[in-house]
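Report on the following structure.
The values are calculated or read from the model by the stated rules, or taken from the named source; none is laboratory data. Only a predicted model underlies this, so the values are computations on that prediction, with no experimental measurement involved. Positions of Cβ are generated from backbone atoms using ideal geometry, with glycine treated the same way; all protein chains shown enter the neighbour counts. We work out accessible area using only protein heavy atoms, side chains counted, and drop any ligands, DNA or RNA first. Shrake-Rupley method; radii C 1.70, N 1.55, O 1.52, S 1.80 Å.
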Amino acid sequence: MKKYDFDSITDRRNTFSCKWGDCKENELPMWVADMDFKAAPEIIEALQKRLNNGIFGYTYIPEEWYEAYQYWWKKRHNLEISKDSLIFCTGVVPAISTAVRKLTTAAENVLIQTPVYNIFCNSIRNNGRNILESPLAYSNGEYSINWNDLEKKLSDPQTTLMILCNPHNPVGKIWNKETLARIGELCSKYNVKVISDEIHCDITDPGKEYVPFASVSETCANISVSCLAPTKCFNIAGLHTAAVMIPNQELNHKMWRALNTDEVAEPNAFAVEAAIASFTKGENWLNELREYVKGNKNRIKEFINNNISDLHVVPSEATYLLWLDCTKITNDSIALAEFIREKTGLFLSNGTQYGGNGQYFMRLNTACPRKLIEDGLTRLKQGIELAKLRLVLLLFALPHYALNS
């Protein structure tokens, strides 16, 4: 018996929503990683209780906040977290930017495995460091690590930090224990610290489990800063509540000083209550959400396989995002995404912004009511058919670049 409602559509227009605010009346946004489901009633109740107090002054970090993180990671992910290793921060991205500033110096390399979450590049570039891509290998429609390339780039003395996406956004990959252990050993060998972005960790397919990087070995724990948060998985990103988990005492102190210096280590009036409620009362909601998202993923794969043969859905075990291979249509996903939006109103993320071979891909957000999924699939089919027709009409031009003509 299902307890929670994921089918009802909530009108998010006129709420200052980044996802919906820039869309025209007839457009359907399925781009940014932001769910179109209301938060768990248990979280809303906790926030309502806090709201009813009526005073929103400065907030400290109580014992209950630490205990909530410890409880959740022990129960869900079999990881013991010490209180001393946890530090509050206002978000995973602020934590990553702080780590880039504190753990590297200007003009050093920060390695990322592309295609990957595009904001990593902002955190690196905006802080005067070099973006060093180690592209994931892509073969037979699936991604894996190019170990030769990874080791070569980690061995560069200018490379001092790696940002690991675990699980991986946008390709939906869960890195297994052996893979993470090998990454840890290579980084330790070449004195490279690791930031492990684990914000998507609780959105895995039912029956699938992610592996916390710090849990793999003492080596991984000693060289890493793990970024944790309830925000992505419980759809409360706008509340700006997260944590970094750093077992190594020296590294922990550096990050504690840096986060406080950057003024991103103090919670807003709702951040603490939201995190505690998520981890102590949100488990049943999350379990049903995972089932629902998996159903959405299955429906999208089925529809594309049966109706849009020129697209390939990359196998995904984690996140509520799907990575669509458009190789048979274009090598310019910016043009394709813009064309589909212009002709159908469907707003997808172009893959080019994620680096690597992203110019051949688009990213689709599946975290919305099933009725919107069906609407999006109808628009996607129409957009691809129109794009193919445009390419046929321009057969003697350069078809891969013709969509903007």
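Key figures
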| read-out | value |
| --- | --- |
| Filtered residues of region 136-168 (kept if in a loop (DSSP other than H, G, I, E, B), under 24 Å from Tyr320 (Cβ atoms) and in contact with a Pro (Cβ under 9 Å, 6 or more places away or on another chain)) | Leu136, Gly141, Asn166 |
| Search result, residues across region 100-127 that are in contact with a Ser or Thr (Cβ under 8 Å, 6 or more places away or on another chain) and either open to solvent by less than 50 Å² (accessible area, probe 1.4 Å) or more than 24 Å from Trp256 (Cα to Cα) (or both) | Val100, Leu103, Thr104, Glu108, Asn109, Val110, Leu111, Ile112, Gln113, Thr114, Ser123, Asn127 |
| Odd one out for Glu185, checked against (1) in contact (Cβ under 8 Å) with a residue 40 or more places away in the chain; (2) touching a helix residue (DSSP H, G or I) at 6+ places or on another chain (Cβ under 8 Å) | (1) |
| Members of region 188-226 found to be in contact (Cβ under 8 Å) with a residue 24 or more places away in the chain and on the phi > 0 side of the Ramachandran plot, listed by number | Asn191 |
| Members of region 68-118 found to be polar (S, T, N, Q) and either outside any helix (DSSP H, G or I) or modelled with pLDDT under 95 (or both), listed by number | Asn78, Ser82, Thr90, Thr104, Thr105, Asn109, Gln113, Thr114, Asn118 |
| Residue that is nearest to Ala242 (Cα to Cα), among those in region 38-67 that are assigned to a loop (DSSP other than H, G, I, E, B) and among the β-branched types (Val, Ile, Thr) | Ile61 |
| Selection from region 288-319 of residues that are within 30 Å of Leu51 (Cα to Cα) and either touching a Cys at 6+ places or on another chain (Cβ under 6 Å) or not in a helix (DSSP H, G or I) (or both) | none |
| Scope region 43-63; condition within 25 Å of the chain's Cα centre (by Cα) and surrounded by fewer than 17 Cβ atoms within 10 Å (Cβ to Cβ); matching residues | Ile44 |
| Residue identified as under 18 Å from Gly356 (Cβ atoms), free of Cβ contacts under 8 Å to residues at least 24 places away in the same chain and open to solvent by 20 Å² or more (accessible area, probe 1.4 Å) among Asn148, Asn130 | Asn148 |
| Test result for Lys388, at pLDDT below 95, of a type outside the set (S, T, N, Q) and surrounded by fewer than 20 Cβ atoms within 10 Å (Cβ to Cβ) | yes |
| Region 298-314 - residue that is over 12 Å from Lys328 (Cβ atoms) and of a type in the set (D, E, K, R) and, of those, most open to solvent (accessible area, probe 1.4 Å) | Glu302 |
| Conditions (1) within 17 Å of Lys208 (Cβ to Cβ); (2) touching an Asp or Glu at 6+ places or on another chain (Cβ under 7 Å): number failed by His168 | (2) |
| Output for region 300-314, where each listed residue is more than 13 Å from Leu364 (Cα to Cα) and of a type outside the set (Val, Ile, Thr) | Glu302, Phe303, Asn305, Asn306, Asn307, Ser309, Asp310 |
| Subset of region 14-37 [open to solvent by less than 50 Å² (accessible area, probe 1.4 Å) and part of a loop (DSSP other than H, G, I, E, B)] | Ser17, Cys23, Glu27, Met30, Val32, Ala33, Asp34, Met35, Asp36, Phe37 |
| Subset tally (residues that are touching a Lys or Arg at 6+ places or on another chain (Cβ under 7 Å) and either within 25 Å of Asn140 (Cβ to Cβ) or surrounded by fewer than 20 Cβ atoms within 10 Å (Cβ to Cβ) (or both)) for region 330-369 | 5 |
